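Readers should treat all values here as calculations from the given coordinates under stated rules, not as data from a laboratory. This structure is a prediction, so every number in the text was calculated from the model and none was measured. Glycine gets a Cβ as well: all are built from the backbone with ideal geometry, and neighbour counts include every protein chain shown.
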Amino acid sequence: MSEPVQTPQTFTPRIFSGIQPSGGLTLGNYLGALKRFVEKQDEGIETIYCLVDMHAITVWQDPEKLRQQTREGAAAFIAAGIDPARSILFNQSQVTAHAELGWIFNCVARMGWMSRMTQFKDKAGKNSENVSLGLFAYPALMAADILAYKATHVPVGEDQKQHLELTRDIAIKFNNDYKVNFFPVTEPVIEGAATRVMSLRDGSKKMSKSDPSDQSRINLTDDADAISAKIRKAKTDPEPLPETLDGLKDRPEARNLVNIYAALSGQSAESVVAEFAGAQFGTFKPRLAELAVAKLSPITTEMNRLMRDPAEIDRILGRGAEQAEAIARPILNDVYDIVGMIRSRQV
Ligand code: AQP
C-alpha cells in the first residue's frame with residue numbers, strides 16, 4: 001500500500017520557470033511568462049528562473065547563435081525586472097542536476113503519457129520519424145527542471161499546461177513507486193489577460209519565436225517603428241469592435257489584439273472592449289501600437305545596454321548556477337538514495 005502523496009501546501013513555496021533560448025523572445029513569452037515571473041519575484045516568494053538551453057537543442061541550434069540567444073534571453077529577463085539579487089537566474093546546462101534527474105524521469109514517465117503530448121505532435125508534424133529523441137523526451141526533462149528544486153508553483157503560458165500535468169503525474173508516480181512523500185505535486189500558475197498570445201498573421205496559431213514569419217510576432221528586440229508596422233499590418237476583420245466580449249467569440253484575430261491591449265495596460269479584456277466599443281481597427285491599432293511601444297521600448301533599450309557587456313551576463317548566469325546547484329544537489333543526492341544507487345565516490 002503506497003503512502004499518501006503530499007500536497008504542495010506541505011512544501012515551502014518555491015517558484016521555478018524557464019524559457020528556451022531557441023530564438024529571440026516574443027511578446028507572447030513576455031506576457032505569458034516573463035511579466036508573471038517578475039510579479040512573482042515582487043510578491044517575495046523564492047523564485048528560480050532558467051534559460052533552458054538543453055531544451056533549445058531538441059531542435060537544431062547554431063552553436064554561436066545559441067550562445068547569443070542565451071545571453072539575450074538573460075538580458076531580457078533582467079531588463080523586464082528580474083533582479084539577480086532577488087531571483088536565481090541561470091542557464092540550465094550549467095546545473096547538471098537537470099540532466100541527471102531528467103534521465104531518472106525518463107525511466108518513470110510512460111511511453112503512453114509522452115505520446116499524448118500535443119506540443120510534440122505539433123512540432124514533429126509529419127516528420128515524427130526524423131525528429132530528435134530529445135524532442136520526444138522534452139517534457140520529462142521539464143519535469144526534472146521543476147522538481148530538482150521541489151518547486152511548488154510554475155508560472156507558464158496556456159501552451160505549457162499539458163506538460164505541467166505530466167510533471168504532476170511523474171511526481172505522483174515517483175512518490176508511489178518508491179513509497180515516499182518526496183516530490184511536491186506542482187501547481188501551474190496560468191494567469192493574466194494574455195496566457196495565449198496568438199500570431200499576428202493567423203489567429204488560430206500561437207505567437208512563437210520559431211515561426212518562420214517575423215511578421216507573425218513582436219520581438220522584444222523590435223524598435224518602435226517595427227512594433228507599429230507589425231501591429232498596423234496585423235490580420236483583423238472588417239467589423240468594428242463590439243459592445244461586449246461575447247461579440248469577439250468568432251473573431252480570433254480581433255480577440256487577440258484586445259487581449260494584448262488588456263495585458264499591456266493591466267485592464268481586463270471586458271474593460272478594453274467597453275472603452276473601444278464601436279471603434280474601427282483604424283482607431284484601435286494605433287492606440288495599441290502606442291501602448292506596446294511605451295511598455296516594450298524601455299525593456300528593449302535596457303536589453304541593448306546589457307548586451308554590450310556579455311561577460312557580465314555570463315558572470316550573472318554563473319553565480320545563479322552556483323546558487324541553483326546548492327539547492328538541487330542535495331535533492332538529487334536524496335533521489336539517488338531513494339532509487340538505490342551507490343554514492344561512494346570521494347570528492
Ligand atoms: N504565444 C504565447 N502566449 C503566451 N505565453 C507563451 N509562451 C510561449 N509562447 C506564448 C510561454 O513562454 C514560456 C516559455 O516558452 P518556451 O520558450 O519554453 O517555449 P514555447 O512555449 O514553445 O515558446 P515559443 O515561443 O513557441 O518557442 P519555440 O518557437 O522555440 O517553440 C512558457 O511559459 C510558455 O507558455
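Once the Cα gyration tensor of region 267-317 is diagonalised, what are the square roots of 5 times its eigenvalues, in whole Å and ordered largest first, as equivalent ellipsoid semi-axes?
Working through the eigenvalues yields semi-axes of 37, 12, 6 Å.
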Could you give the length gained by full extension between Ala311 and Ser344, i.e. 0.36 nm per residue of separation minus their alpha carbon distance, to one decimal place? 8.2 nm
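Stick to the Cα atoms of region 1-134, pair each with every other, and give me the Kirkwood hydrodynamic radius in Å at one decimal. Could you put the intermediate results ahead of the total?
On the way: mean 1/r = 0.0590 Å⁻¹.
For region 1-134, inverting the mean 1/r across all distinct Cα pairs yields 16.9 Å.
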Rank Pro310, Pro188, Pro63 by mean-square fluctuation in a GNM of the chain with C-alpha springs under 10 angstrom and give only the top-ranked residue. Pro63
Would you mind pulling out the separation of the Cα centroids of region 55-104 and region 238-293, in Å? 34
Just Ile146, Ile227, Ile45 to compare: in a GNM of the chain, with alpha carbon springs under 10 Å, which one fluctuates most? Ile45
DSSP H segments from the chain that extend 27 Å or more along their own axis, Cα-based, with Kyte-Doolittle mean of -1.0 or above: 281-307, 310-339
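Normalized C-alpha radius of gyration of the chain, against 2.2 N^0.38 Å? Walk me through the intermediate numbers first.
Values: Rg = 21.0 Å, N = 347, 2.2 N^0.38 = 20.3 Å.
That ratio works out to 1.03.
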At q = 0.18, 0.24 Å⁻¹, the log10 of I(q)/I(0) for region 78-180 from a Debye sum over equal Cα scatterers comes to -0.96, -1.38
At 222 nm, what value in deg cm²/dmol follows for the chain if DSSP H runs of at least 4 each add -39500 (n - 2.57) and the sum is divided by all its residues, to the nearest 500? -16000 deg cm²/dmol
Compute the distance in nm between two label points, each set 7 Å from the Cα along the Cα-to-Cβ direction, one at Trp103 and one at Asp202. 3.9
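What pairs from Lys126/Lys150; Lys206/Lys233; Lys233/Lys295; Lys161/Lys209; Lys65/Lys150 go past 27 Å between their alpha carbons? Working shown, then result.
Working: Lys126/Lys150 36 Å; Lys206/Lys233 17 Å; Lys233/Lys295 20 Å; Lys161/Lys209 19 Å; Lys65/Lys150 32 Å.
Pairs exceeding 27 Å: Lys126/Lys150; Lys65/Lys150.
Give me Cys107, Cys50 sorted ascending by neighbouring Cβ count inside 10 Å, so fewest comes first.
Values: Cys107 10, Cys50 30.
So the residues, fewest neighbours to most, are Cys107, Cys50.
Tell me, what is a quarter of the convex hull surface for the C-alpha atoms of region 165-313, in nm² with one decimal?
On the way: hull surface 51.2 nm².
The orientation-averaged projected area of the Cα hull of region 165-313 comes to 12.8 nm².
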Going fewest to most other Cβ atoms within 10 Å around each Cβ, Lys40, Lys295, Lys205, Lys233 line up as Lys233, Lys205, Lys295, Lys40
Once you place label points 7 Å from the Cα toward the Cβ at Ser297 and Ser213, how far apart are they in nm? 2.8
Least to most buried among Trp103, Trp60 (fewest other Cβ within 10 Å first): Trp60, Trp103
Across Asp250, Asp169, Asp237, the residue with the highest GNM fluctuation in the chain (Cα network, 10 Å cutoff) is Asp250
